[in-house]
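J.: Below are the structure tokens for one structure; questions will follow.
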Amino acid sequence: MSLSCPVCLSNTLVPARLGATPLWRCTHCGVHVTQDVGAEEQTREFYSQHYVLHSSVAAQRERHRMFRMPEYHDMIGRILRYKPNARRWLDVGCDHGFLIDEVRRAGIGVVGVEPQNRARDYARSVGLDVVPSIDEVHGEFDVVTAFHVLEHVSDPRAFVQACAQRLSPGGVLAIRVPDYGSIWRRLLGSRWIWFQPSVHRLHFTEGALRLLLQDCGLGVLSSVRRAANTSLTRDSYWLAARTFSTYRSVSMPSFRDLAARTYQNIVGREIMVLAVQQQPSQGASA
Ligand SMILES: [Zn+2]
């Protein structure tokens, strides 16, 4: 097996291990790579049929949408600071389309990419333009977002290049991934909430992610390591839970749910990098 790093292409992968999971560690860029992602995950069918994003029960879905809404507006605000006149926005891995549903309320044209059939069907049912693959996305976008997607892909360079090719000149790419270099991952090891080697192929440090974007011709505008859930998200969790507990079909969160949520609030750390398309766009349809 040829051992070149999927992020930086150097032949600098060495065996590593976290708990019982064998990994590769790149001594050049610092990324960790899962050696054996679950066999079922390797099939396209897994993400189109079986990968559960979250409940598809209608009221629970609406609760989730309300819960995440403040976070999405926080993200939209952060990105529009760098691209205030954005007219078109592409979200890759858009799930049920909750982010682009908020983006379009700002008068911005939106397109989503989502391989999971049921999530995509839902997004289409509320009037969103969502396709199963980025190969089907044409034209240029002022903003491309990919939130907690890059850790799943097998070829991160091809993924970032596909996003970059669809950016207009000066367009902004925003990527969020779990922070493998965080203090909580170091303390908790393989028990860290977002060490999920059955579905995560790549485990990024901030340095590896920045290097990947720069290698793909993008200029890093900002890079932050942060708690994934802000106080806005913590407050909106309760707002959504109390609002939707008025529906008989949605009960208040159980103690177990609350414990899991609290745990994620504390240890869920992520990297968010905004990067700009510096070169004249090659254009997806050119
Ligand atoms: Zn590397």
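The values are calculated or read from the model by the stated rules, or taken from the named source; none is laboratory data. Small disclaimer: the values here were computed from a predicted structure and weren't measured. Glycine also receives a Cβ, built like all others from the backbone with ideal geometry; neighbour counts cover every protein chain displayed.
J.: Kindly indicate whether any position in region 179-196 is buried (at least 22 other Cβ atoms within 10 Å of the Cβ), within 20 Å of Thr27 (Cα to Cα) and within 16 Å of the ligand (Cβ to nearest atom).
T.: Among the residues of region 179-196, at least one is buried (at least 22 other Cβ atoms within 10 Å of the Cβ), within 20 Å of Thr27 (Cα to Cα) and within 16 Å of the ligand (Cβ to nearest atom), which makes the answer yes.
J.: Let me ask you something else. Restricting the search to region 112-155, which residues are in a strand (DSSP E or B) and β-branched (Val, Ile, Thr)?
T.: If the condition is that a residue be in a strand (DSSP E or B) and β-branched (Val, Ile, Thr), then Val113, Val130, Val131, Val143, Val144, Thr145 are the ones that fit.
J.: Within region 229-251, which residues are surrounded by fewer than 17 Cβ atoms within 10 Å (Cβ to Cβ) and within 19 Å of Gly268 (Cα to Cα)? Lay out the reasoning, then the answer.
T.: Within region 229-251, the first condition is being surrounded by fewer than 17 Cβ atoms within 10 Å (Cβ to Cβ), and the residues that meet it are 230-232, 234-235, 238-239, 242-243, 245-249, 251.
Within region 229-251, Thr230, Ser231, Leu232, Arg234, Asp235, Trp238 qualify.
J.: Something else about it: Exactly one of these conditions fails for His152: (1) farther than 24 Å from Trp194 by Cβ; (2) in contact (Cβ under 8 Å) with a residue 40 or more places away in the chain. Give me its number.
T.: Single failed check for His152: (1).
J.: Let me ask another. Which of the residues spanning region 157-194 are more than 22 Å from Pro6 (Cβ to Cβ) and aromatic (Phe, Trp, Tyr)?
T.: Across region 157-194, the qualifying residue is only Trp184.
J.: What pairs come out if I take residues in region 250-263 that are over 13 Å from Tyr237 (Cα atoms) and pair them with residues that are among the hydrophobic types (A, V, I, L, M, F, W, C) and outside any loop (DSSP other than H, G, I, E, B) whose C-beta lies under 6 Å away, six or more apart or interchain?
T.: Cβ pairs passing all conditions: Val250/Ala59; Val250/Phe244.
J.: Inspect region 128-142 for any residue being modelled with pLDDT of 95 or more, within 24 Å of Arg201 (Cα to Cα), surrounded by 24 or more Cβ atoms within 10 Å (Cβ to Cβ) and within 15 Å of the chain's Cα centre (by Cα) and give the result as yes or no.
T.: Among the residues of region 128-142, not one is modelled with pLDDT of 95 or more, within 24 Å of Arg201 (Cα to Cα), surrounded by 24 or more Cβ atoms within 10 Å (Cβ to Cβ) and within 15 Å of the chain's Cα centre (by Cα), which makes the answer no.
J.: Checking Arg226 against (1) surrounded by fewer than 16 Cβ atoms within 10 Å (Cβ to Cβ); (2) basic (Lys, Arg); (3) farther than 23 Å from Arg81 by Cα: exactly one of these is not met. Which one?
T.: Going through the list (1) surrounded by fewer than 16 Cβ atoms within 10 Å (Cβ to Cβ); (2) basic (Lys, Arg); (3) farther than 23 Å from Arg81 by Cα, Arg226 breaks only (3).
J.: Would you be able to tell me the number of residues in region 197-247 that are over 22 Å from Gln161 (Cα atoms) and in a helix (DSSP H, G or I)?
T.: Selection size over region 197-247: 14.
J.: Every residue in region 1-33 that is within 6 Å of the ligand (Cβ to nearest atom) and touching a residue at least 24 places away in the same chain (Cβ under 8 Å), please.
T.: Once the filter is applied, which keeps residues that are within 6 Å of the ligand (Cβ to nearest atom) and touching a residue at least 24 places away in the same chain (Cβ under 8 Å), region 1-33 yields Cys5, Val7, Cys8, Cys26, Cys29, Val31.
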